[in-house]
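This report refers to the structure that appears directly beneath it.
The values are calculated or read from the model by the stated rules, or taken from the named source; none is laboratory data. Predicted model only: the values in this text are computed from it and were never measured. Cβ: placed from backbone, ideal geometry, glycine included. Neighbour counts: every protein chain shown. Heavy atoms of the whole protein, side chains included, go into the accessibility calculation; ligands, DNA and RNA do not. Shrake-Rupley method; radii C 1.70, N 1.55, O 1.52, S 1.80 Å.
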Amino acid sequence: MRKDFAWFATVIALLALCSSKCVVSLGVVSPLLFSLSGLAEFSDSVDGDTKLSSAGTTIRRNTTDLLDDTNEETNQHSGSDSSVVAKLKNKLSKGKLQLKETLSTLKKNRAAAVSSKKNKRASASDKLKFLDRIALVSAAMLKSEHDAHLEQDISSHPPNDEITPQSDLTLPGRHFSIVTTAALPWMTGTAVNPLLRAAYLVQKAKEINKNKANDENEQQTKQWVTLVIPWLEMEEDRIELYGTNHNFQNQNEQEEYIRDWLRHSANLVEEADPHTGLKILFYPARYHSGLKSIFGMGDICSLIPDGEADVCILEEPEHLNWYRAPGEGWTHKFNYVVGIVHTNYKEYASAHYSGLWTSPAIAAMSSAMVRAYCHKVIKLSDVLQTFAPEKESTSNVHGVRSEFLLEGQRRGAELTQKTGGKQRHTPTTMDNGIDDEDNKASSVYFIGKILWAKGLDLLLDLQNYYRQCTGEYFGIDVYGSGPDQKEIARAYHGRKLYQSQNGGDNEMKQDDADNNDSSTIRVLGTSIVDPFTDRSGIATKNDDGNLSSSGNNLERAFDFKAKLDTLDTQQALEYLQSKALEKLEKIKTTLEFDVPKSLHEYRKTAIPATFPGRIDHAQLKDQYKVFVNPSVTEVLCTTTAEALAMGKFVIIPVHPSNTFFLRFPNCLAYRNKFEFVANLRWALSHEPEPLTPELAYEFTWEAATERFLNASSITWREARERERLGRSKLDERIAWLHYELGKGSKGDALRKVLGAGPVSNQFKYQIERDTAELYVETTAGDHDSDGKDEAGSEDEGEGLPRKFQMSSLAKAIRTTVANGLPSMLPGFET
């Protein structure tokens, strides 16, 4: 740009030198040269600016036009110097004014350019500060999430064996929330064991906080433990699972049933008190009949008050999180989360025909859920898969009810009084080489769910081997109910023999477990249906071998003819057609084609086994002395612990699921069929050894609670090891991915594809629930006073929705705004 102005100055100088009045011309042009010189210096300082370059081009064009006009005037009036000079002055004065205006414009543009650069620098600085602020908000969110890893400062170098404060559950003031997947009256392990754990934690918490309470009244009224259990919203789910006798109409009825069970069955009166004992909280749930499991609906975490969100115990953490609704994470809501794994889902899946691909998928998903949502996970036995090696510990944190231990004490005292504690051999006919069948049948039993997966197929093999060794089967009573009950009974009895013993084509039916406390087997005769009446008779055989039915068939025929006589032809045809269709439908539902489920049904010699149905184990305390459980799919069999606590012999395989029981003298473990036969023969001819007080204490819930508190803790050595491994980021990513996959309509679709069934539409359910709550709040607000309205408006907080106010993002923003930008934050500069 400076070259443009230099060229312009040179042209003016040459024009002046060539003029006949050089002195006058230089006098007129010199101020212009001075202005152009200053303009050149100014342009040099802003060289490269686009706007100023454009202005310089305009000046050069205007100056060129001015020189052309001047030359033309000079040529036309070469003889009249005075007129030429006058016109030249006029032209130059106009050009000077134009140049001044242009110079003024350039100065303004220069100032604007400088201001623009300053603004750009300020904008860049603001952007950096904004990015720093976003980074701080993100860091605050990550820190508040806990991310399933310990938030401990290990820089102080405490002793390795000391327990970290976050995981020390024996500290005063800690509140426990126990979340499980089942509730009474469903008598399953995930309903009974969490309930008893919660009740005994009430005892322990009161003991820990006894000296902390300000006064005796506070110590008595404070509730430290909350049991969070499912409430089946749909009536058909409650009827299917609990039966018509326990079709609770509201949550209060079910809560009262649970507290009544604690008082009478568990003898925990104080713990059952709703005001000073255990606190019970329900979450909405649905029953998945295909998976035989209960799953929660909506965000369970949001139901638990923030003031009580300290320690969370997830009973079956993988089950609770498979299909959970997107929401606040467990490790975000609670300071410390412990998971207790009850069920070997991987083993159950592998037993199915699709287990080749479903078993690894379930194992991977379960491991991911445990990693993402637990600080510590407790496995009841090592039969379970590996979830997160740095977070795992194995311990039996279950106990048995006191009534089982009382029976063990009674048996021990009775045996001691009878034998003086020396002779435990029971003389039987087996001592003479003759088996006492009645003695065996009344001494051996099994109790559990009637499923092939519970080891009842292995028991058949053991029966066959026992017969090879002794010449006869051993009698056994199999208590329980289940979907495989009918085919298992026929496998033990033999299909042909079973049918002949029960009257030809008789079928074994199972009483509706929903309407009875115990499932029993009953035999029904084949029903011969009269096609023209609603009555039926039981089929019998004449002396000639022909079938006939009870009742006066001739009388029924006359009644039917009289009915037809009252109708015209068309009505009679319609009536006959409807009755025929009705009877055909009944016959269709009655007839059943049973395909043999196993080769055991073709056995010729029946095994002396009975199937009395479902019953509470405590009702069998004084009827048997040998409990047989061949299952290898259990995680930790509760009925085995109950049998040992009652002072009975227990015959179980050597297996990781039975490791806890091997220390007890009445546990007879076997590694092969031969050892099983030897153990059973020895148990039938001897009396069990009374349990010592120390061994009996191992079965109590007080001991189980102590084991739980110890297994839940994390030492500083373990915390440092976790820090070294650096797995916390993996846990964060899993939790984030699970949340992203589960939110919105796409999450509902994904859950449906993965088999969630009735619990697929979690997002839709949550939206409908929030809408209903908002409607209730809005309706209630219309009737509130002005003061209440003002208080309610304060909750909204500057017009923001309450849900957004309580979100992690809003909390993180408030935290960073309150604390300001830290001056010494690593990686950030203010």
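Some notes on this structure:
- Cα centroid separation, region 282-304 to region 440-474: 38 Å.
- Accessible area of Thr569 in the full protein assembly, 1.4 Å probe (Å², nearest 10): 110
- Positive dipole terminus of region 253-400, leading residue within Val341, Ser359, His288 (C-beta point charges): Ser359
- Pairs from Lys292/Lys333; Lys333/Lys376; Lys346/Lys648; Lys454/Lys621 whose Cα-Cα separation, in the structure shown, is over 20 Å: Lys292/Lys333; Lys346/Lys648; Lys454/Lys621
- Ordered from highest to lowest accessible area with the whole protein assembly present and a 1.4 Å probe, Leu406, Leu644, Leu356, Leu576 read as Leu356, Leu406, Leu576, Leu644.
- Rounded if a/c under 1.5, otherwise prolate or oblate - region 175-309, Cα gyration tensor axes: prolate
- When Asp310, Asp559, Asp461 are compared by accessible area of protein heavy atoms, the largest-first order is Asp559, Asp461, Asp310, using a 1.4 Å probe.
- Note that region 281-395 presents 31 Å² accessible area per residue, ligands and nucleic acids not counted, probe 1.4 Å.
- Distant-in-sequence amide H partners of Leu281 (H built 1.01 Å from N, under 5 Å): Leu227, Val228, Ile229
- Within the assembled protein chains, the solvent-accessible surface assigned to Glu403 is about 50 Å², based on a 1.4 Å probe.
- Cα gyration tensor shape of region 342-400, rounded if a/c is under 1.5, else prolate or oblate by comparing a/b with b/c: oblate
- For Lys743, the accessible surface of its heavy atoms amounts to roughly 70 Å² (probe 1.4 Å, protein chains only, rounded to the nearest 10).
- Global geometry of region 677-759, whether rounded, prolate or oblate, following the gyration tensor of its Cα atoms and the 1.5 cut on a/c: oblate
- Converting phi to 3J(HN,Hα) with the Karplus coefficients 6.51, -1.76 and 1.60 and the offset θ = phi - 60°, region 697-714 yields 5, 4, 8, 6, 6, 5, 5, 5, 5, 4, 5, 5, 4, 6, 5, 7, 6, 10 Hz in sequence order, with x at every glycine or proline.
- By accessible area with a 1.4 Å probe, ligands and nucleic acids excluded, highest first: order of Asp477, Asp457, Asp622: Asp622, Asp457, Asp477
- Pairs from the list Lys486/Lys583; Lys204/Lys279; Lys486/Lys625 with a Cα-Cα gap above 25 Å: Lys486/Lys583; Lys486/Lys625.
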